[in-house]
Structures are given as C-alpha cells and as structure tokens.
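Q: Before I ask anything, here is the structure I am working with.
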Amino acid sequence: MHATVLVSSAGRRVGLIDCFRRSASAAGIDLRVLACDLEPELSAACQAADRAYAVPRCDDPGFIDALLRIAADADVDLIVPTIDTELGPLAAAAQRFRTIGTQVHVSPVPVIDVVRDKLRTTEALDAAGVPVPWAIPMEAARAASDQVSWPAFLKPLSGSASRGIRIVRSADELPAEPDEPMMLQQLLVGPEYTVNMFIDATGSLRSAVTHRRLRVRAGEVEKGRTERDPLFRRLAEGVARALPAARGVLCFQLIIDESAGPRVFEINARFGGGYPLAHFAGAEYARWLLEELVGLPSTAHDSWRAGALMLRYDAAVFAG
C-alpha cells in the first residue's frame, strides 16, 4: 500500500513530517513525503523530505498552479497545508485537485472564511454556545471608546503567529492608519491552552487533546503538557457545532481568565505547531488521515495520555 503526501509551506515542520512517517510505518503504508516552500534550500522540513520543490508565496496568483503541477507530476495523494494564509486558496481550489486525484487536507470555503476572520469566529462560536471574549472592530472602539473596557488586546482580523498583536490602554494608543483591518478583544489573564481536534470524514469529532501552553515563542508552543478535563471536551464539541462542515485536523486556543472563566478566542483549521505533542500522547491524527486516504479501518480514539510533556529545543539540519 503506497501514498504520497506533500507538506505545503513546510518551513520548520520536521516534527510533522516525522509524525507522518511513523504513522505510515505503523499502519503498513509505504509513504513518500514531499515538501515545498518559497526557498526549499533554506527550509529544514524540505531538507528532511524525500523531495522538495520551490513554489511562489501562497498569495501569489501562481501558487495553486505550481502545486497542481507538482501534484500531477509526482502523483500526490494528499496535500497538507501548515499555515493559515494558504488555507483560503487551497479550499477554493480543492475541486481542481480532486480532478487529478489529489486530496487537500482543508475544510470547505465557508469554514475557512469564518476561521480566517477573528470577528466572525467570535460570532460563530457565541452562536453555538461557546464562551468567547468580547470583540469589536477597532474603528468601532475608537468611536465609542468610553464604552470599552480598557486595557484591551489589539490584533489583526486575520492575523497569525502573533503578528501585530499588543495591549492598548486607551483609544489614544490605537494606530491611526493600520496596515490591515484590526480588532479589539477583551484582555484575558490566566493559563492558556490549545485543544487539538480530529473530525473524521463523516463529521464526527473523534478526538480532542488539550495541552497547556507553558511557554510560547513567536506564537507557537515551546513547552507544553497535555491535560484532561471534561471542560475541554465540551468546548471542542461546541467548536464542532459552530463549524459543522469542518473536517480533519483543527486546533483552537483558550484562556481560563481569572475573572471571566474559559474563553475561546482563536481557531486554526490545520495542524497546529504543537501537534507533535498530541501525537506523542497517543492521538495520532497523521495516521488517522492516512487511514482515511488509503481506505484502511480507522483507529481513531480519544484515549490519549494526560501529563505528556513537550520541551522544544533548537536543532540544525545540515546540507551540502
């Protein structure tokens, strides 16, 4: 049994590639892992892949055509995106990939449209009964600053990797001409968690693995520990209700605020940077995706281990 997976915008995702390889071996699948990036010669994950390709930026009009060529030439069975900004283009082009026999690990366009807009995310979660922080567009906050509870959290509507976020203490600190649409969000203080979710091809939530974000670097967990609590499973079920068309791997972030309690504030409809910790704890989402891909019986479960600890460190890949 054979499969070819292409990891897109691979960057530093060596750990994700390792998870796919270990999962394939355990499932008896002969796996070939390809990777692509803007500069594959400078990508550790591209160096770790069986073959690497250069592609344009994901906001370039030629990005999808480049992936289609790779998928056709290399008989790619599954494309796995790793950054938020490529989800929209890939979701919109999913049918074009299906026509050449390639699946894309991405939820449908309506799901991506919601999760890529943090205000729409808040509205969708709130409508599904999921506790969320208050959030308003920046200009609305400027116009009614006396009604805003300061300090607040300023962030881009479609930001990721902690880009452009900061605490503001009054309307005077709001940028006069931001480079992109911004929003204000309730400032939450308390422990932060990520919940990794696996929703199977039928729409059933099969697993929800929580880790506490003990240390974060550039928006990605550096040190984390899995924790099991019925609260987190209920929140994951609420996220699934809010996004009934979501499929595959997603993750969301929450803070248990010292005054307001749990508040979910972000959803990433892809493998999160901390996924290798969930995999180590026994929730092998990479394997379950491969099983769906090749038609094997699913081994998906929710019996992962609490107390699994991840301590990331810097390592080097050498080439040449």
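Q: Using the alpha-carbon atoms, what tilt in degrees (0 to 90, nearest 10) does helix 14-27 show relative to the longest principal axis of the chain?
A: 50 degrees
Q: Kirkwood hydrodynamic radius, computed over distinct alpha-carbon pairs, for the stretch 42-179: how many Å, to one decimal? Can you show the working numbers first?
A: Working: mean 1/r = 0.0559 Å⁻¹.
Its Kirkwood hydrodynamic radius stands at 17.9 Å.
Q: Moving on. If we count other beta carbons within 10 Å of each Cβ, what is the order of I255, I100, fewest first? Don't skip to the end; give the middle numbers.
A: On the way: I255 21, I100 12.
With the sparsest Cβ surroundings first, the list reads I100, I255.
Q: Right, next: What percentage of all Cα-Cα pairs in the stretch 277-320 are separated by more than 15 Å? Please report the intermediate quantities before stating the final value.
A: On the way: 541 of 946 pairs.
More than 15 Å apart: 57 percent of the Cα pairs in the stretch 277-320.
Q: Would you report the distance distribution of C-alpha pairs in the stretch 134-186 as whole percents per 5 angstrom bin, up to the bin with the largest distance?
A: 5, 23, 37, 24, 10, 2, 0
Q: Continuing with the same structure: For helix 285-294, report the angle its Cα long axis makes with the longest principal axis of the Cα atoms of the chain; keep it between 0 and 90° and round to the nearest 10°.
A: So the helix axis and the longest Cα principal axis differ by about 50 degrees.
Q: Between the stretch 248-320 and the stretch 165-224, how many Å separate their Cα centres?
A: One Cα centre to the other: 15 Å.
Q: To continue, here is another question. Between the helical axis of 230-242 and the dominant principal axis of the chain, each derived from Cα atoms, what acute angle in degrees is found, rounded to the nearest 10?
A: Taking the Cα atoms of the chain, the angle to 230-242 is about 80 degrees.
Q: Something else now. Antiparallel versus total DSSP beta bridges in the chain: what percent is that, nearest 5? Don't jump to the answer; show the numbers that get you there.
A: Numbers: 42 of 57 bridges.
Here the share of antiparallel DSSP bridges comes out near 75 percent.
Q: Separate question: For the stretch 2-106, rounded, prolate or oblate, judged on the Cα gyration tensor with a ≥ b ≥ c (square roots of eigenvalues), a/c < 1.5 rounded, else prolate if a/b > b/c? Mind showing how you got there, number by number?
A: Values: a/c = 1.74, a/b = 1.22, b/c = 1.43.
Because a/c hits 1.5 or more and a/b fails to exceed b/c, the stretch 2-106 counts as oblate.
Q: Just G88, G62, G15 to compare: in a GNM of the chain, with alpha carbon springs under 10 Å, which one fluctuates most?
A: Largest GNM mean-square fluctuation: G62.
Q: How large is Rg over Rh for the chain, taking Rg from the Cα atoms and Rh as the Kirkwood inverse mean of 1/r across Cα pairs?
A: Ratio value, two decimals: 0.97.
Q: Continuing with this model, one more query. Just going by the charge dipole of the chain, with Lys and Arg at +1 and Asp and Glu at -1 on Cβ, which of A44, A208, P175 is farthest out on the positive end?
A: After comparing all options, I get A208.
Q: Stretched out fully, how many nm does the piece from D50 to W150 gain, at 0.36 nm a residue minus the Cα gap?
A: On the way: separation 100, 0.36 × 100 = 36.00 nm, distance 5.12 nm.
Full extension from D50 to W150 adds 30.9 nm.
Q: Report, in debye and to the nearest 20, how large the dipole of the chain comes out about its Cα centre when Lys and Arg carry +1 and Asp and Glu carry -1 on their Cβ. Provide the component values of the computation, followed by the final result.
A: Values: 35 positive and 40 negative charges, 172 e Å.
Charge dipole, the chain, about its Cα centre: 820 debye, nearest 20.
Any read-out appearing in this document is the output of simple, stated calculations on the displayed coordinates, not a laboratory observation. Quantities reported herein were computed from a predicted structural model and do not represent experimental measurements. Glycine also receives a Cβ, built like all others from the backbone with ideal geometry; neighbour counts cover every protein chain displayed.
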